[in-house]
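Let me give you the structure first, and then I'll get to my questions.
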Amino acid sequence: MTATVIDGKAFAATVREKVAGHVARLSEEHGIVPGLAVVLVGEDPASQVYVRSKGKQTVAAGMKSVERKLEVDKSESELLAVVEELNADPSIHGILVQLPLPAHIDAEAVINAIDPAKDVDGFHILNVGRLGTGQKAMVPCTPLGCLMMLRDHHGSLSGLDAVVIGRSNIVGKPMAQLLLGESCTVTIAHSRTKDLPEVVRRADIVVAAVGRPKMVTGDWIKPGATVIDVGINRVEDRLVGDVDYESCAERAGAITPVPGGVGPMTIACLLANTVTACCRANG
Ligand code: GUN
């Protein structure tokens with residue numbers, strides 16, 4: 001079997017088009033322009049690339065983009081003051097504080113200072129709790145993008161066996177919650193899981209989010225399974241996923257490539273979350 005390639009780049013373009021359509025209608029019919037603020041502390045090169053890309057795509061969708069850059073030695077209270085200012089700004093509907101933050105800043109305190117209604121990352125404890133209890137929440141962008149691709153490929157996910165490899169707060173845990181919400185039977189596997197290949201072999205859906213290059217190999221994959229690769233690892237100046245693409249594509253029914261799979265969906269979902277936050281803020 002040769003897997004269907006799930007083209008995240010093309011799918012993300014359709015999501016961005018839909019977002020731009022919503023933005024145009026909000027503006028024409030209600031005079032409202034959704035606004036996204038991205039806060040960056042320090043000069044981490046990877047974070048700078050992400051922040052620039054977020055800003056560009058926000059503007060391309062017709063939205064207002066605000067970038068707030070703070071020097072690496074700014075204090076936690078200075079960052080909290082910026083968050084408070086953005087919380088109070090009615091032209092800003094989404095706030096994202098780029099992670100990782102410098103070690104002297106308590107990231108959890110900063111995230112929980114964001115107005116939960118503007119928390120387009122879905123990292124605020126209130127949104128985490130809402131997602132966990134099946135209430136209306138802001139949903140983290142990367143798992144949301146994965147879910148959109150899975151729904152698009154499968155239609156209903158009800159009753160499928162899903163294995164999420166990785167238990168991070170940003171991807172693994174919210175991904176598992178979303179799949180549970182789709183009535184999958186969900187296993188969260190991690191570094192201490194016994195016989196990981198055997199666990200993964202049971203899965204109709206595999207989501208790999210561990211940050212270990214090419215860890216998942218074809219012999220772990222149930223024939224016909226769908227493989228979603230969240231990993232972005234730089235190896236000898238090339239980007240590779242957590243999945244060994246070549247061997248897995250021989251057994252899988254469908255697979256996301258790296259690059260061009262999950263990655264582009266993340267920013268598209270950030271734009272979609274900003275429009276959602278804007279619509280909720282305006283009733
Ligand atoms: N750094 C890497 N990924 C993310 C993300 O999804 N949100 C934020 N805020 N920072 C990140």
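This table checks each residue for (1) modelled with pLDDT under 95; (2) within 16 Å of the ligand (Cβ to nearest atom); (3) within 21 Å of the chain's Cα centre (by Cα).
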{"site": "Ala10", "(1), (2), (3)": "no, no, yes"}
{"site": "Ala24", "(1), (2), (3)": "no, no, no"}
{"site": "Ser53", "(1), (2), (3)": "no, yes, yes"}
{"site": "Leu70", "(1), (2), (3)": "no, yes, no"}
{"site": "Ser77", "(1), (2), (3)": "no, no, no"}
{"site": "Glu84", "(1), (2), (3)": "no, no, no"}
{"site": "Gly94", "(1), (2), (3)": "no, yes, yes"}
{"site": "His104", "(1), (2), (3)": "no, no, no"}
{"site": "Ala117", "(1), (2), (3)": "no, no, yes"}
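With the requirement that a residue be among the charged types (D, E, K, R) and in a helix (DSSP H, G or I), what does region 156-181 give you?
Lys173
Taking helices (runs of 4 or more DSSP H) that fall entirely within region 67-134, which contain at least 1 residues that are assigned by TED's automatic domain parsing to the domain that holds Glu43?
Qualifying helices (runs of 4 or more DSSP H): 76-88, 107-111.
Just to verify a result, which residue in region 116-147, among those that are crowded, with 20+ Cβ neighbours inside 10 Å and among the charged types (D, E, K, R), is nearest to Gly260 (Cα to Cα)?
Per the criteria, the residue is Asp121.
Does region 122-141 include one or more residues that are under 21 Å from Ala268 (Cβ atoms) and away from the ligand (no atom under 16 Å from the Cβ)?
Yes, there is a match, as at least one residue in region 122-141 is under 21 Å from Ala268 (Cβ atoms) and away from the ligand (no atom under 16 Å from the Cβ).
Could you figure out which of (1) more than 16 Å from the ligand (Cβ to nearest atom); (2) assigned by TED's automatic domain parsing to the domain that holds Asp73; (3) assigned to a helix (DSSP H, G or I) isn't true of Met149?
(2)
Under 7 Å by Cβ, and 6 or more places apart or on different chains, what pairs join a residue from region 120-142 that is acidic (Asp, Glu) with one that is within 15 Å of the ligand (Cβ to nearest atom)?
Asp121/Leu96; Asp121/Pro140; Asp121/Cys141
Do the conditions hold for Thr193, that is, is it polar (S, T, N, Q) and touching an Asp or Glu at 6+ places or on another chain (Cβ under 9 Å)?
no
Filter region 51-95 down to the residues that are in contact with a Lys or Arg (Cβ under 7 Å, 6 or more places away or on another chain) and farther than 30 Å from Ala13 by Cα and list them by number.
Matches in region 51-95: Val82 only.
For region 148-171, what are the residues that are of a type in the set (Gly, Ala, Ser), within 19 Å of Ile232 (Cα to Cα) and surrounded by fewer than 23 Cβ atoms within 10 Å (Cβ to Cβ)?
Ser168
Matching residues to (1) buried (at least 22 other Cβ atoms within 10 Å of the Cβ); (2) free of Cβ contacts under 8 Å to residues at least 12 places away in the same chain; (3) within 16 Å of the ligand (Cβ to nearest atom):
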site	(1), (2), (3)
Glu236	no, yes, no
Val243	yes, no, no
Thr256	yes, no, no
Met265	yes, no, yes
Ala272	yes, no, yes
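Looking at (1) in contact (Cβ under 8 Å) with a residue 12 or more places away in the chain; (2) farther than 30 Å from Arg151 by Cβ; (3) among the aliphatic types (A, V, I, L, M), which is the only condition Ala81 fails?
All conditions are met except number (1).
The values are calculated or read from the model by the stated rules, or taken from the named source; none is laboratory data. Since the structure is predicted, the reported quantities are computational estimates derived from the model, not experimental observations. All Cβ positions, even for glycine, are placed from backbone atoms using ideal geometry, and neighbour counts span all protein chains on display.
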